[in-house]
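Only one structure is covered here, and it is reproduced in the block below.
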């Protein structure tokens, strides 16, 4: 059975809930999802994968998590060309600028965004965000 890596960092549980919704979508489509916290993620595994999901909350400076996700991005950025990547994350204030910056970074490195854009939630994901994440998981599953 094929696996889809869903790598995420979550400080309050909001981004973790989003990761689980992506995994639910992958599994609903008949594939296996592997949830991996960013601090335990292997850059080599992501470099070897053609399709995967990355999730991070916004920091107070409207950037992705700088403790685990940003260093992981630094490691894999050079290998993103040709990959299909789903981005997702939560934020507390602002308008989700962190996601637009992250999208630009990933697409500039040559990856294609699954769903065409990242999926965000203001704090805890609402029903609409959960459904969008599940649908995105199904899209990821169809790509492997």
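Some points to look at:
- Members of region 47-72 that are assigned to a helix (DSSP H, G or I) and touching a helix residue (DSSP H, G or I) at 6+ places or on another chain (Cβ under 7 Å): 47, 69, 72
- Taken over region 118-133, residues that are touching a residue at least 12 places away in the same chain (Cβ under 8 Å), on the phi < 0 side of the Ramachandran plot and assigned to a loop (DSSP other than H, G, I, E, B) amount to 3.
- For region 30-46, the candidate set comprises residues that are in a loop (DSSP other than H, G, I, E, B) and in contact with a strand residue (DSSP E or B) (Cβ under 9 Å, 6 or more places away or on another chain); within that set, the residue that is farthest from residue 119 (Cα to Cα) is 42.
- When residues of region 7-45 are limited to those that are in contact with a helix residue (DSSP H, G or I) (Cβ under 7 Å, 6 or more places away or on another chain) and within 18 Å of residue 67 (Cα to Cα), the one surrounded by the fewest Cβ atoms within 10 Å (Cβ to Cβ): 43
One line per residue, one yes/no per condition, for (1) surrounded by fewer than 17 Cβ atoms within 10 Å (Cβ to Cβ); (2) under 15 Å from the mean Cα position of the chain (by Cα):
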{"residue": "62", "(1), (2)": "yes, no"}
{"residue": "73", "(1), (2)": "no, yes"}
{"residue": "77", "(1), (2)": "yes, yes"}
{"residue": "82", "(1), (2)": "yes, no"}
{"residue": "90", "(1), (2)": "no, yes"}
{"residue": "93", "(1), (2)": "yes, no"}
{"residue": "101", "(1), (2)": "yes, yes"}
{"residue": "104", "(1), (2)": "yes, yes"}
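- Residue 136 vs. criteria assigned to a helix (DSSP H, G or I), without any contact (Cβ under 8 Å) to a residue 40 or more places away in the chain, surrounded by 14 or more Cβ atoms within 10 Å (Cβ to Cβ) and within 13 Å of the chain's Cα centre (by Cα): no
- Region 104-117: number of residues that are closer than 17 Å to residue 63 by Cα and not in a loop (DSSP other than H, G, I, E, B): 5
- Within region 81-103, if we keep just the residues that are closer than 18 Å to residue 126 by Cα and part of a loop (DSSP other than H, G, I, E, B), the residue that is modelled with the highest pLDDT turns out to be 92.
The values are calculated or read from the model by the stated rules, or taken from the named source; none is laboratory data. Here the structure is a predicted model, which is why all the values come from computation and not from measurement. All Cβ positions, glycine included, derive from the backbone under ideal geometry; neighbour counts span all protein chains shown.
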